[in-house]
Amino acid sequence: MTSTPEPAVRTVPLPPSPASGGDGGRSQGGTVRPWPLVRHSLALAGRSLTRTRRNPGVLLDALILPVIFLVLFVYLFGGAVAGSTREYLQYLFPGILVLTTVLAGQISTGLSIVTDMKKGVFDRFRSMPVPRAALLIGSVLADAIRYVIAVVVLFGVGYLLGFRVETDLGSALAAAALAIGFGFSLSWLTVLLAVLLRDETMVSTVGFLLPFPLVFGTSMAAPVETMPGWLRAWAEVNPVSHAIEASQGLLLGGPAAGAAGMTLLWGGIFLAVFGTAAVTAYRRLV
Amino acid sequence: MRPAIQVEGLVKTFGTTTALAGIDLRARPGTVLGVLGPNGAGKTTAIRILATMLRPDAGTVFVDGLDVVRDPVAVRRAIGLTGQYATVDENLTGTENLVLFGRLFDLPRAEARSRAARLLDRFGLREAAGRPAGTYSGGMRRRLDLAASLVGAPRILFLDEPTTGLDPGKREELWQTIRGLADEGTTVLLTTQYLEEADALADEISVIDHGRVIAHDTPAGLKQQVGGQTVVVRPRDPAQAPTAAGVVERAVGHRVEAVRGVVTAPVADEHAFADIVRALEHADVPVTELALRLPSLDEAFFTLTGHPAAAVATTSGRSHDLDA
Ligand SMILES: Nc1ncnc2c1ncn2[C@@H]1O[C@H](COP(=O)(O)OP(=O)(O)O)[C@@H](O)[C@H]1O
Ligand SMILES: [Mg+2]
């Protein structure tokens, strides 16, 4: 029974595996190297990017959303709100930039983590010496590509429709970077939801609904002065208002530093709170 | 020698379901421990706890001398796992999968690449190395899975139902590979619902049912434990079957009949077998098969648990001979 010749599978000796163990600190052939969290997160982000490259269709929403929002708002409300679509586009664009980066991560990042958690490959990662946080960070990092694509498309379509940056290239890049950073921090909320809910439908529903009060309870589409009192109160405390204000300042001119500082602060808070909560919840899941 | 795997009183419950009701497992270094049990017996739960993916509720679990609760990271460096379902990324190619796992084991890039190439070669996947794993056949994916669990050169390998879903030829092939790994000194814990598989691969078998170990022994010992050997005689000329039946009948002392040219009868001891061999020679009945057969593990499982393994193991309503 043990002596039948081996078909197809050839025996090439592996590096010897020592029968005794317990040194525990190192894997075969590889020493323990510093920064495991960073290296493993990057390696896993590379994996997610390869997957995106092979299924570029998953980026479609990042391509389409900003276009829909621009066209919808400008031509549907432009005439009524600002009297001229050209003028309204100029007012609206900075807000749409923030809307785009917030939405670009919200749904898909959480969704891809739920899908991954249910797949066997995450099981394998979890049986390997990989920090748990790296599994989440890798997915979130890889989704940065979505923000970049969405923002590039947004600027392209905006320019075609007649939007013009009123400041300079440096400020415009700063606006894009700030919006991307803000969306990235806020996406940890959907990561937390993904880890807690572990259900595609729930995560995509919550991830879709959540941004609405955040993004629309702001001066994005109309000045706060035009809003009823309760909405104005919300808009004034809403962190996304700061991001939009900063975006308006950086793209159209006017004061931006204060709002940008508040945006960075809130981004840091989101990252710290939601990020820590997500990783803790994921570790507890074991 | 210190056991490579030592589990004592392991308990795990999920809500009201008791997946493991206090099991003990033990494997010496370099041996294959078969954990045999039907669907829902608790095999996967046990493997997940041993592989540090699930925390035990009670009991102690040592893998490679390390406590899985207190020292999970060190355990993860010593083990390899092939889960019950595919644990490679379908979107990545064979090479990309193995290189990624190598990087996660902290191998330098060049070393990760060469180890990936060596493993793909070894598992007959060289031609498919550049294709996404999603395009692989079931057997190829299983082999890639096994290769992936060897990237870290583990001292202890967990295989959860490694051949489920493979056709018999591919199964034999994988068995050879698993044996080869054990011969190289890797300790293997494999779960299976196939009695034949445990018999073919394991040095020792723990039979589990409803979260309990109901027997532990070598394959031969286990078969012995449930007793009842059978003599099998197949005359070269089927026409001589009744003559052979007569010979066996006189030796065992109870009524025996030939079925389709083969005579089978339970025997009390080995002396009866020797008597039969001599009597057949004397009666000039040439045979093509003459064997003393131990009960199959199927029969063993039935004796041990009171229900047939296969009837539980499959959800399809395959009927089973309860009188076996
Ligand atoms: N995550 C879980 N939640 C609830 N019940 C579970 C979970 N995992 C396993 N079980 C239950 O525990 C028992 C043992 O399951 P499992 O270990 O998968 O068995 P096996 O691998 O032997 O088929 C089954 O009754 C199963 O339904
Ligand atoms: Mg199972």
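Coordinate-derived values only; no laboratory data. Quantities reported herein were computed from a predicted structural model and do not represent experimental measurements. As a convention, Cβ positions derive from the backbone with ideal geometry for all residues, glycine included, and neighbour counts pool all protein chains shown.
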Legend entry - Projected-area average for region B:1-44 over all orientations - Cα convex hull basis, square nanometres: 3.5
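Normalising by the residue count of region B:21-133, find the relative contact order in percent from Cα pairs under 8 Å and 6+ residues apart.
Values: 90 pairs, mean separation 20.7, N = 113.
Relative contact order of region B:21-133: 18 percent.
What does the charge dipole of chain A about its Cα centre add up to, to the nearest 20 debye, if the Cβ of each Lys and Arg holds +1 and the Cβ of each Asp and Glu holds -1? Spell out each step's value before the answer.
Numbers: 20 positive and 14 negative charges, 235 e Å.
Once rounded to the nearest 20, the dipole reads 1120 debye.
In debye, nearest 20: dipole of region B:5-224 around its Cα centre with unit charges on the Cβ of K, R (+) and D, E (-)?
Details: 26 positive and 28 negative charges, 121 e Å.
With only Lys, Arg, Asp and Glu charged at Cβ, the dipole is about 580 debye.
Arrange the following residues from fewest to most other Cβ atoms within 10 Å of their Cβ: B:206, B:114. Walk me through the numbers on the way to the answer.
Details: B:206 27, B:114 15.
Lowest count first: B:114, B:206.
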Inset, instruction - Could you give the spread of the C-alpha atoms of region B:229-293 along their three principal axes, from largest to smallest, in whole angstroms? - result: 27, 22, 18
Legend entry - Per-selection metrics, region A:33-285 (Cα): Rg and Dmax in Å: 18.7, 62
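Compute the projected area of the convex hull of the Cα atoms of region A:63-202, averaged over all viewing directions, and report it in nm² to one decimal place.
Working: hull surface 38.7 nm².
So the mean shadow area of the Cα hull is 9.7 nm².
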Legend entry - For region A:99-115, Karplus couplings with θ = phi - 60° (6.51, -1.76, 1.60), whole Hz, Gly/Pro x: 3, 5, 6, 5, 6, 4, x, 3, 7, 6, 5, x, 5, 5, 6, 4, 4
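What is region B:73-151 by shape, rounded, prolate or oblate, if you read a ≥ b ≥ c off the alpha carbon gyration tensor as root eigenvalues and call it rounded for a/c under 1.5, prolate for a/b larger than b/c, and oblate otherwise? Could you put the intermediate results ahead of the total?
Details: a/c = 1.84, a/b = 1.26, b/c = 1.45.
Oblate, since a/c reaches 1.5 and b/c is not below a/b.
How large is the convex hull of the C-alpha atoms of region A:193-286 per residue, in Å³?
116
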Inset, instruction - Would you order A:118, B:223, B:43 from fewest to most other beta-carbon atoms within 10 Å of each residue's own beta-carbon? - result: A:118, B:223, B:43
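How big is the shadow of the Cα convex hull of region B:198-254, averaged over all directions, in nm²?
Details: hull surface 25.2 nm².
Orientation-averaged projected area of the Cα hull: 6.3 nm².
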Legend entry - Using alpha-carbon coordinates, inclination of helix B:109-122 to the longest axis of chain B, degrees: 20
Inset, instruction - Would you grab the residues whose amide H sits under 5 Å from the one on residue B:4? Only those 5+ places off in sequence or on another chain, please, with H modelled 1.01 Å from N. - result: B:27, B:28
Inset, instruction - Project the alpha carbons of region B:5-224 onto their principal axes and report the range along each, largest first, in whole Å. - result: 45, 39, 33
Legend entry - Shape parameters for the protein assembly as shown, alpha-carbon atoms, Rg then Dmax in Å: 32.4, 116
